[in-house]
1. Kindly indicate the residue of the range 36-53 that is at pLDDT 85 or above and open to solvent by 30 Å² or more (accessible area, probe 1.4 Å) and also farthest from GLY88 (Cα to Cα) among those meeting that condition.
2. Hey, GLY56 hits all of (1) open to solvent by less than 70 Å² (accessible area, probe 1.4 Å); (2) on the phi < 0 side of the Ramachandran plot; (3) at pLDDT 80 or above but one; which does it fall short on?
3. For residues that are in contact with a Pro (Cβ under 6 Å, 6 or more places away or on another chain) and buried (at least 16 other Cβ atoms within 10 Å of the Cβ), tally how many sit in the range 60-112.
4. Under 6 Å by Cβ, and 6 or more places apart or on different chains, what pairs join a residue from the range 165-180 that is closer than 19 Å to SER123 by Cβ and without any contact (Cβ under 8 Å) to a residue 12 or more places away in the chain with one that is of a type in the set (Val, Ile, Thr) and open to solvent by less than 50 Å² (accessible area, probe 1.4 Å)?
5. For the range 123-144, name all the residues that are out of contact with any Asp or Glu (no Cβ under 9 Å at 6 or more places or on another chain) and at pLDDT 85 or above.
6. For ALA153, indicate whether it is closer than 13 Å to GLY134 by Cα, among the small types (Gly, Ala, Ser), out of contact with any Ser or Thr (no Cβ under 9 Å at 6 or more places or on another chain) and at pLDDT 85 or above.
Amino acid sequence: MANFNIDYLVVAGGGAGGSGYRSGGGGSGVLKSSYSIQGGAQAQASALSLATGGSGYTITVGNGGNYVLNANGSNGGDSVFESITSLGGGGGGGPYLATSPGSSGGTGGGGAGYNGTTNAGGSANGSPAYGFAGGAGSGTTTQCGGGGGGAGAVGKAGGGSGTDGYGGIGIENNITGTLLYYAGGGGGGNYTSGNVTAGG
């Protein structure tokens, strides 16, 4: 059997946002690619060597996280292509009276806003190579939850203007022939307007 090299782009499922006022946005899933990485935490990886005439290849597409009533959103699922595994994103923190931050995952979800207490964002699973952490939630009733971490940048902390809490930006990649952003973080919940701030 002959071997051949392929390029790949493997993106895991994103975490769900938290439930409740000023909840944090979900973190993006990790992006791993052998093709044209443009910035962000991830380094460009080597092409994958596959054999012709094999019995098939293992492919798992990670689902997005699930909404959980009055709790943190759940983490996204991992995506797998043969030996390449991308970790799912962390769920966003919530509800607004809770003190727990967003969950850790491939990237962390943002922390929910909490009256009188600044709430930390979720971590990036202990290594910058897995993406970026979520932004912190703010400590007053008029502020919004932090944005979820993206593959290319941290989520922004919630702020009193009601315009903060943006999700972290994703990573540019043109494996499809068009330069696109992949794996951006979700925006945090905005108590003042009732809207969700922009994702990455």
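The values are calculated or read from the model by the stated rules, or taken from the named source; none is laboratory data. What you are looking at is a predicted structure, and each value in this text was computed from that prediction instead of being measured. Glycine gets a Cβ as well: all are built from the backbone with ideal geometry, and neighbour counts include every protein chain shown. Protein only, heavy atoms only, side chains kept; ligands, DNA and RNA dropped before computing areas. Shrake-Rupley method; radii C 1.70, N 1.55, O 1.52, S 1.80 Å.
1. If we filter the range 36-53 for residues that are at pLDDT 85 or above, which is where we start, we get 47-49.
From the residues that got through so far, the ones that are open to solvent by 30 Å² or more (accessible area, probe 1.4 Å) too are 47, 49.
Numbers: ALA47: 22, SER49: 24 Å.
In this case the residue turns out to be SER49.
2. (2)
3. Narrowing the range 60-112 to residues in contact with a Pro (Cβ under 6 Å, 6 or more places away or on another chain): 70, 93, 111.
Going one step further and asking which of them are buried (at least 16 other Cβ atoms within 10 Å of the Cβ), we end up with 93, 111.
Counting residues in the range 60-112 that are in contact with a Pro (Cβ under 6 Å, 6 or more places away or on another chain) and buried (at least 16 other Cβ atoms within 10 Å of the Cβ) gives 2.
4. Matching pairs, first to second residue: none at all.
5. Start the filter on the range 123-144 by keeping residues that are out of contact with any Asp or Glu (no Cβ under 9 Å at 6 or more places or on another chain), which leaves 123-134, 136-137, 139-142.
PHE132, ALA133, GLY134, ALA136, listed by residue number.
6. Values: closer than 13 Å to GLY134 by Cα: yes; among the small types (Gly, Ala, Ser): yes; out of contact with any Ser or Thr (no Cβ under 9 Å at 6 or more places or on another chain): yes; at pLDDT 85 or above: yes.
Yes: the conditions hold for ALA153.
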